[in-house]
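Trainee: Structure below; questions to follow.
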Amino acid sequence: SGDVQRLQLQQLTEALSWHPFTGTLTGSIPQVQSEENLLRTSGEIQAQVFGGRARIGKLEIENPFSSLPSIKLDASLDGIELEQLSKTFEFGRISGILEGTINDLAVTDNQPSQFSAEFHSVDRGTEQRISVEALDKITVLSSGENAGSLYGGLAGFFDSFRYSKLGFKADLKNDRLTLRGVETRGDQEFLVVGSFLPPTVNIISHTQIIAFSELLRRLQSIKADSTAK
């Protein structure tokens, strides 16, 4: 068994060479079971991050002492402030609150091999806006093209847009990712649904099935462009 109380995530992420972010980690693991090459925990680990809370449960580690352990877990997010999240990961500026779950996440060789995830914005009366930079990066991730080529000159008139809904559903099995929007209209999947008040814009997913390796390549290209700027 074990307990963690208010572990500083900035020091932890820096020590592990992860992308640094702030917050605290608190958890209680009342029992750890070891069966041959498998470690299984009961209990829940909680982290206070980005103004909200992340919960991690159902943690299993296969071959924990090898150079290539396999990890399985479930997680949920509650009350995450998108402005803190987008700023930390240099994804432009998105304001609003995010909630969601990720189930049956399996990580092998430091790469996800399967998961089922659903994340969505929650309207709590706070501002819900998305900057042109974030609009462009989401568009690149979902279509491989920048926002200018899809939305014409619209993205050049404003610094940010209002939205009413934001989110996605995703299922990964091996290298095949199925991406759905927060809202479906006919054969279109909306990752961002605009508000009634201008300026507003919708972001439609133009890639509903994609190789996960290609999605990672697009993410790396976004990071490279941000570094170059």
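Derivation of every value follows stated rules applied to the coordinates shown; laboratory data play no part. These numbers were taken from a predicted model, which means no experiment stands behind them. Every residue, glycine as well, gets a Cβ built from its backbone with ideal geometry; the counts of neighbours run over all protein chains shown.
Trainee: Mean residue ellipticity at 222 nm from the helices of the chain, using -39,500 (n - 2.57) per DSSP H segment of n ≥ 4 over the full residue count, to the nearest 500 deg cm²/dmol?
Mentor: -6000 deg cm²/dmol
Trainee: For residue 182, what residues show an amide H to amide H distance below 5 Å, using hydrogens built from the backbone and excluding near sequence neighbours?
Mentor: Result for residue 182 returns 167, 190, 191.
Trainee: May I pose another question? For the Cα atoms of the chain, what angle does the longest principal axis make with the long axis of helix 212-228, in degrees from 0 to 90, nearest 10?
Mentor: With both axes taken from Cα atoms, the answer is about 70 degrees.
Trainee: Lys/Arg Cβ at +1, Asp/Glu Cβ at -1, dipole of the chain taken about the Cα centre: which of 113, 85, 160 is farthest positive-ward?
Mentor: Final value for the positive-end residue is 160.
Trainee: Name all residues of region 166-193 having a backbone nitrogen under 18 Å from the label point set 7 Å from the Cα of residue 209 along its Cα→Cβ direction, giving them as ranges.
Mentor: 169-181, 187-189
Trainee: Related question: What does the extension gain come out to for residue 108 and residue 48, with contour length at 0.36 nm per residue minus their alpha carbon separation?
Mentor: 19.0 nm
Trainee: Work out the length of the dipole vector of region 1-135 about its Cα centre, built from +1 on the beta-carbon of each Lys and Arg and -1 on the beta-carbon of each Asp and Glu, and round it to the nearest 20 debye.
Mentor: Dipole of region 1-135, to the nearest 20 debye: 280 debye.
Trainee: I would also like to ask the following. Give me the net charge of residue 145's neighbourhood, meaning all other residues with Cβ under 13 Å from the Cβ of residue 145; Lys, Arg count +1, Asp, Glu -1.
Mentor: Result for the neighbourhood of residue 145: +1.
Trainee: Which length gain, in nm to one decimal place, applies between residue 78 and residue 66 when the Cα-Cα distance is subtracted from 0.36 nm times their residue separation?
Mentor: Extending this stretch completely gives an extra 1.0 nm.
Trainee: Pull out the extension gain between residue 184 and residue 221, defined as 0.36 nm times the separation in residues minus the alpha carbon to alpha carbon distance; nm, one decimal.
Mentor: In short, 10.5 nm is gained.
Trainee: I need the calculated FRET efficiency for the pair residue 32 and residue 145, taking r as the beta carbon distance and R₀ as 41 Å, to the nearest 0.05.
Mentor: FRET efficiency, residue 32 to residue 145: 0.30.
Trainee: With axes computed from alpha carbons, what is the tilt in degrees of helix 132-143 against the longest principal axis of the chain, rounded to the nearest 10 within 0 to 90?
Mentor: Orientation of helix 132-143: about 70 degrees from the principal axis.
Trainee: Report, in debye and to the nearest 20, how large the dipole of the chain comes out about its Cα centre when Lys and Arg carry +1 and Asp and Glu carry -1 on their Cβ.
Mentor: The dipole magnitude comes to about 400 debye.
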